[in-house]
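The block underneath contains the structure these notes are about, expressed in structure tokens.
The values are calculated or read from the model by the stated rules, or taken from the named source; none is laboratory data. Every value quoted in this text rests on a predicted model; they were computed, and no experiment measured them. Here the Cβ positions follow ideal geometry from the backbone for every residue, glycine too, while neighbour counts run over all protein chains shown.
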Amino acid sequence: MQDSRNELVQLAKLAEQTERFEDVILYMKKAIEINPSLNKEHRNLLSVGYKNVVGSKRFAWRHLHHDALQSGRYIRDSQLKGIIKYKEKIEMELKTLCREILTLIETCLLDAAEDAEAKVFYDKMTGDYWRYLAEIYSGKQQKDSYGTAVEHEDACDNYDASDNYIACGNYDACDIDNWYDDDEAAERSLGAYKHASSTAAEYLSPTDPVRLGLALNFAVFYKEILNEAEMAIMHSKQAYAAALPEMDSLSEEVYRDSNLIMHLLNDNITIWMEE
């Protein structure tokens, strides 16, 4: 079984190298079915797979959402309806992927986490993917601005539940709208980020890349989801100030990862203070 799991991880690595990120997810899910306890390398593979697949869909959704909002009054209703229908298709795919990884974390990975870094990593991911769902519902609140009605098309008509089967926590992706209400996504994201931050403050160094990445994303949540720019800036400044005195003592590998996030924190502080 261990050989089989190692082979799956190797396939996931090859898939990452060739940028076949859906395959990364597939192989890592199979590896998790054998043993849900993941080391740092395994966690990063899983994260990279979902981040890239979900990231491309988030980009497409944002682009279409912007087109629908900005162009609704200038193009024919038939064209606008096409934009909105395609946006809703991508939205369903996004929600399905987010629920998939959230279910995987909640039912499999967190219980198998063996150290504080793993627990913070998974709580951070939980905050991230609830945040992505909150983005969608924030966008839905602007739907009346489209200026035209669109007949609902059920994206689940051709859905195959076996495509998203998770051995230790199966679910019906087409029931996702009954899984939580609009406000709950933001609340769950906030709760996960707070829990991760509490654990990180107790067990991880201020320079730990996982802790810094958590601070970076938590600040983005404050800015983009809660519209609390001052809180986002304060959170970023605190993380930056706590890590800065210890940066010179890091190994080359850790310094590289932490320094990149420090630059991102500083960039966000600068941008948000100028707005």
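Here are the numbers for the structure shown:
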quantity	calculated
Residue, nearest to Leu216 (Cα to Cα), within region 105-122, restricted to residues that are part of a loop (DSSP other than H, G, I, E, B) and either of a type in the set (A, V, I, L, M, F, W, C) or at pLDDT below 95 (or both)	Ala113
Those residues of region 221-234 which are surrounded by fewer than 18 Cβ atoms within 10 Å (Cβ to Cβ), under 17 Å from the mean Cα position of the chain (by Cα) and in a helix (DSSP H, G or I), in sequence order	Glu224
Where Asp154 falls short, out of the listed (1) more than 28 Å from Ala68 (Cα to Cα); (2) modelled with pLDDT under 55; (3) surrounded by fewer than 17 Cβ atoms within 10 Å (Cβ to Cβ)	(1)
Top-ranked residue of region 235-251 - restricted to ones that are in a helix (DSSP H, G or I) and among the polar types (S, T, N, Q), ranked as surrounded by the most Cβ atoms within 10 Å (Cβ to Cβ)	Ser236
So Asn52, is it touching a residue at least 24 places away in the same chain (Cβ under 8 Å) and closer than 30 Å to Ser197 by Cβ	yes
Of all residues making up region 92-128, the number that are among the acidic types (Asp, Glu) and surrounded by fewer than 22 Cβ atoms within 10 Å (Cβ to Cβ)	6
Residue within region 58-70 that is at pLDDT 90 or above, hydrophobic (A, V, I, L, M, F, W, C), closer than 23 Å to Asp128 by Cβ and more than 17 Å from the chain's Cα centre (by Cα) present	no
Residue that is farthest from Asn266 (Cα to Cα) [pool: residues in region 204-220 that are outside any helix (DSSP H, G or I) and not hydrophobic (A, V, I, L, M, F, W, C)]	Ser205
Residue that is in a helix (DSSP H, G or I) and either touching a Leu at 6+ places or on another chain (Cβ under 7 Å) or at pLDDT 95 or above (or both), where the choices are Ser198, Ser138	Ser198
Enumeration of residues in region 217-230 that are in contact with a helix residue (DSSP H, G or I) (Cβ under 9 Å, 6 or more places away or on another chain) and either among the β-branched types (Val, Ile, Thr) or without any contact (Cβ under 8 Å) to a residue 12 or more places away in the chain (or both)	Val220, Ile225, Glu228, Glu230
